[in-house]
Structure formats: C-alpha cells, structure tokens
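Structure first, commentary second.
The values are calculated or read from the model by the stated rules, or taken from the named source; none is laboratory data. Quantities reported herein were computed from a predicted structural model and do not represent experimental measurements. Here the Cβ is made from the backbone with ideal geometry for all residues, glycine too, and neighbour counts use every protein chain on show.
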Amino acid sequence: MKLLLLLPLSIVSLTAPVFAASPEGLWEGLVFYAPFDGGPDAEISAGDGRIYTAPPSRDPTKSKPGLEAEEVTIASGKGRYGDALHFLKKTQNMVFFYGAKNTGYRTKDWSGTISMWLSIDPADLKQEFSDPVQITDKKYNNAALWVDFTKDDTPPHFRLGIFADTDCWNPEKRKQDEIPEAEQPIVRVKQPPFGRDRWTHVVMTFSGFNTDGTGGAAKLYINGDLQGTVKDRRQVFTWDLSKATIRVGLGYVGLIDELSIFDRALNADEVQTLYKLPAGLGGLSQAGK
C-alpha cells in the first residue's frame, strides 16, 4: 500500500516546499487524488472525499456514502500502483464523488486536468457505451466532460467529450445524432491501446473555459501522447454545484487506478512526466519527505 503525506489543503498550499522534489511540480494544483489503496475514498480532496453510490435512478440526493454496489470492489494488489477500483461487471448504480470543489470548478477562467489509469478489455463492454469518468451536474451532453468507449464500433473506439451548456454548443437545439461528429466537441481514437492485463494512462486537459470568446480548448492524451484537441470553441459550463458529480465507471467493466484532478491544465511535458512516474503520485509524497 502506498504511503501518502496527508495534510489539509490549506497547509499544503502554505508548505509547498515540502513537495519541492516532485518532478515538474506536479503537486501544484492537485485538488483530488484517489489511489484506491485500501479503500475507495480519496486521499486528497478539496471537498468531500468520500465515494458515494446512487441507485439506478442516478439521483445523487438518494445516494449513500461508500461502495453499495456489489459489482464494484477494491482489488487488492491489482492496481497500476497498489490496489485499484474494480468494476466486476456493469452496475446499474452510479458510483461517484461530489465534484464542486474536487474539480477546481470556477465560474471565470476555469482550467484543469483529469488523469487516470485504466485496465480494460473493451470486448467485455458488450457493445454498450462506457464512461470510465464523466463529470457533470446534468447529463453527458450538457455541461459535461468525459471519456468513453463507443457502442457501435468493433473494437470500441475511445473518445473525449467536452460538451458545454447546450445553449452554448448547440444553440439551434438540433438532435445530436443528426449533427456530424466533426461539428461536435469530440476527439475520437479509433485504435486505442487498451487490453486485458494492460494498464493505459489517460489524461484530459482543458483551459479557457467560462471566459469570453472562443479560446476554450481541451486535449486528450493516451500514454503521454497527444491524441487530439477540441479547440476554437466557446466553452461555458454552468453548474448547480450541489449536483456536480465525478461519476466513475458508468457502464464500465475493468479496473481504474490513480484518479487525479488538478485545477490547472498540465502542459505536454508534465503529462509525460505524470505518465512515467515509477510509483505514481503517491510515490512523489515519499520523495517529498
């Protein structure tokens, strides 16, 4: 099990030199870190770090703290580093963390990074949409950030979706299946490197959200390499913060490890550094000591 230096965020911000040994200053801006070692709750969080389970209605107001879905467990020693969150089969429940503070959300000039390690055989998804992570207060195409595996491709493609408020990205209220994907805020990877008994690193970065103009941009990286960019768009995300959630494992079958969120967009070199860490972010805490 990894040992992590646990300090309140207010202390961390005041004692940044403790982490001076961290490559490229990766601790800067880290607001959420769930290594899933020994349990499902986050080890660092700017808000409520507990994991929750909502019923099939996916209504967060009816949720309970903890893993209440028998299909989801902690897999001891099976993570990229230590343990991992394991979705044994598709669950009808919604497993999530609250997202208001844990995403670093800002109503003005919002930027950030979401990082995770995935181990999955796409064939296990049985041609259904699967979102390892989806962050929103509503639904997948309204003020939402996500990565998913597609339903109608064999093998499934992997995508990044960055959907601002509906009034922003689809002001004409067109039916989404009638909008060419080239016009949608999506990056598609047709031959992603996922497979059984293999770990794949996924990072999405975004910047210039909730600003004036069309400077919003989001990037998808896999194993440290840039796969594509959603750019030159106005990206307005209006959330009811009491309902904003970090939804984990929607339709997913496989392992997830080292779910991390930064309140800034990591650059390409930092993404490479994060990918190559020999012991993950938890290992950096030991270097910092």
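Summary of values
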| read-out | value |
| --- | --- |
| All positions within region 109-124 that are in contact with a Phe, Trp or Tyr (Cβ under 9 Å, 6 or more places away or on another chain) and either assigned to a strand (DSSP E or B) or crowded, with 21+ Cβ neighbours inside 10 Å (or both) | Trp110, Ser111, Gly112, Thr113, Ile114, Ser115, Trp117, Leu118, Ser119, Ile120, Pro122 |
| Residue in region 172-186 that is of a type in the set (A, V, I, L, M, F, W, C), within 21 Å of Ile135 (Cβ to Cβ), in contact with a Lys or Arg (Cβ under 7 Å, 6 or more places away or on another chain) and buried (at least 19 other Cβ atoms within 10 Å of the Cβ) present | no |
| Odd one out for Gly99, checked against (1) farther than 19 Å from Thr73 by Cα; (2) surrounded by fewer than 20 Cβ atoms within 10 Å (Cβ to Cβ); (3) not hydroxyl-bearing (Ser, Thr, Tyr) | (2) |
| Residues satisfying the stated conditions in region 139-171, i.e. in a loop (DSSP other than H, G, I, E, B) and of a type in the set (S, T, N, Q) | Asn141, Thr150, Thr154, Asn170 |
| Inter-residue pairs, beta-carbon under 7 Å, first crowded, with 17+ Cβ neighbours inside 10 Å and in region 266-289, second at pLDDT 85 or above and in a helix (DSSP H, G or I), 6+ apart | Leu266/Leu274; Leu277/Gly283 |
| Segments classed as strands (runs of 3 or more DSSP E), wholly inside region 51-96, with at least 1 members that are closer than 18 Å to Gly254 by Cα, at pLDDT 95 or above and out of contact with any Lys or Arg (no Cβ under 8 Å at 6 or more places or on another chain) | 72-75, 84-87 |
| Residue check, Thr238 within 28 Å of Ala54 (Cα to Cα), part of a loop (DSSP other than H, G, I, E, B) and of a type in the set (Ser, Thr, Tyr) | yes |
| Residues of region 38-92 classified as among the charged types (D, E, K, R) and farther than 26 Å from Gln127 by Cβ, total | 10 |
| Every pair of residues 6+ apart whose Cβ atoms lie under 8 Å, when the first sits in region 100-115 and is farther than 29 Å from Trp199 by Cα while the second is of a type in the set (Phe, Trp, Tyr) and assigned to a strand (DSSP E or B) | Asp109/Phe209; Trp110/Phe206; Trp110/Phe209 |
